[in-house]
């Protein structure tokens, strides 16, 4: 499922990606994309005050960016991040493959690269906040709607999720090893556009 991402070994206390030392205008060091687009979707940007973050701009594209990791979700079960949606894909709804676009999404990938199981956290255009459902075409991915709609467009939002608890609820068992973290802003299904920003991704103990 993943191309050859740089292997990142989880630290004993925490692993995080702040993007502050990554070059502006490029992908974060060690992260790679999967999918194709007429122009780059993801790049590091810097805002007032010097904070750098990963920006995503999708024009009818379906491109994911990710980093491969190796470690136990039971040791570092808390996944947190900040995200900011600037434009929602019009008509996007993750419950239907014909409209399955998300303004922002964060993936936690578990198990094997051949047959992974995935938790996908989304900021949805239409699906209600708090909803949890299987990918329309696969029982190996569970989608969790964290944020919804346009009420907080342009504002950074902080999210913290317990991967072990979410995995048990989604798949009925304890999670295997965590093997990847991914991000995705897409708008190919609706043939529209979407824009979002990501920052301060962390894996930490409880």
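The values are calculated or read from the model by the stated rules, or taken from the named source; none is laboratory data. This structure is a prediction, so every number in the text was calculated from the model and none was measured. When we count neighbours, we look across all protein chains shown, and the Cβ atoms used for this are built from the backbone with ideal geometry, even at glycine.
Structure data summary
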{"read-out": "Members of the stretch 146-188 found to be part of a loop (DSSP other than H, G, I, E, B), touching a strand residue (DSSP E or B) at 6+ places or on another chain (Cβ under 7 Å) and more than 23 Å from residue 64 (Cβ to Cβ), listed by number", "value": "154, 155"}
{"read-out": "The stretch 108-126, residues that are within 16 Å of residue 185 (Cα to Cα) and either surrounded by fewer than 19 Cβ atoms within 10 Å (Cβ to Cβ) or over 15 Å from the mean Cα position of the chain (by Cα) (or both)", "value": "125, 126"}
{"read-out": "Subset of the stretch 1-43 (residues that are under 15 Å from the mean Cα position of the chain (by Cα), at pLDDT 90 or above and over 24 Å from residue 59 (Cα atoms))", "value": "17, 18"}
